[in-house]
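Below is one structure, written out as structure tokens; the observations come after it.
The values are calculated or read from the model by the stated rules, or taken from the named source; none is laboratory data. Just so it is clear, the structure is predicted and the values come from calculations on it, not from any experiment. FYI the Cβ positions are ideal-geometry reconstructions off the backbone, even for glycines, and counts take in every protein chain you see.
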Amino acid sequence: MRSFRSPGGLRAVAIAPFTWLALTARASEYGAAASAVTDYDYRGVSQSANHPALQLEADYSSGALHVEAWTSNVQFGADPGAYEAGHQEIAYSADLTVNAAGWLRSNFGINYATYPGLDPGCNYAETWVTLAHGPVSTSLHYAWDYCAVHPHLGAYYQEFNGNWPLHHGWLAAVAHVGVSWGPYWSADNGGAYLDYALGFSATWHRVNVLAEGINTHGYQSVGPGQPFSGKAKLLLSITLALSSAAD
């Protein structure tokens, strides 16, 4: 259940910096990244039972078009030996950017998340549209068949992100707030829930470091260290990114 807030490999590292990459039309370019994170966070909810995750990404962009493959380890079972535990998420996405150099930039795309070895009903597709101006953006996501737990129920996610450069461009303050809602969340969570985050991102050449506090409001009570915990946490990550484009 990869978040395109942290649109979450590269995009899972920081709230906003990599959203801006997706909103910038580029010449043909290949890229790859490796990220080490203290938790695989998805919209405020742990996908790795608050355990560290290694996330890898490969992507290609040509003008407005951008395609990507991304993977992370996941922990969906309480017992490390459980059927749901120790699996991998592999996600594929494609998106287009419109008016990349304009006053109001837009981006829209589709993501397909898969979980090899799990019930195929866990796989799902999600579309999104993003509007951005200056340091702020908003995105609306929609999955029409979110999960096999409640089949054929749709889920929406509305998010707002900010990325404000602080010191010569290498340091930035990042902020995020999002709300998960729709038929799926009414059935699974008793209604909508809010997630929010605030932190700092620093970039040196090809290395990005992120530290952010994350919490949820209205999410079901699942304790820290348990699968799908939405409790408050400090997330730390470091990413090494490579690109065929010149520095």
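With respect to P165, determine if the residue is surrounded by fewer than 17 Cβ atoms within 10 Å (Cβ to Cβ) and within 24 Å of L118 (Cα to Cα).
Judged against the criteria, P165 is not a match.
Can you list the strands (runs of 3 or more DSSP E) lying wholly within segment 193-245 that have 2 or more residues being β-branched (V, I, T)?
Those strands (runs of 3 or more DSSP E) span 207-217, 233-243.
From the residues in segment 150-162 that are surrounded by fewer than 18 Cβ atoms within 10 Å (Cβ to Cβ) and modelled with pLDDT under 95, which one is nearest to N208 (Cα to Cα)?
G154
Here's a check for you: in segment 179-200, which residue that is small (G, A, S) and farther than 19 Å from A211 by Cβ is surrounded by the most Cβ atoms within 10 Å (Cβ to Cβ)?
The extreme case among them is S180.
Show the residue pairs that are 6+ apart or on different chains and have beta-carbon atoms under 7 Å apart, the first residue being within segment 114-126 and on the phi > 0 side of the Ramachandran plot, the second being outside any helix (DSSP H, G or I) and at pLDDT below 85.
G117/H87
Among the residues of segment 136-149 satisfying the criterion of being outside any strand (DSSP E or B) and more than 16 Å from L118 (Cα to Cα), which is modelled with the highest pLDDT?
Ranking the candidates gives W144 first.
Taking segment 115-141, which residues are among the hydroxyl-bearing types (S, T, Y) and crowded, with 16+ Cβ neighbours inside 10 Å?
Y115, Y124, T130, S137, S139
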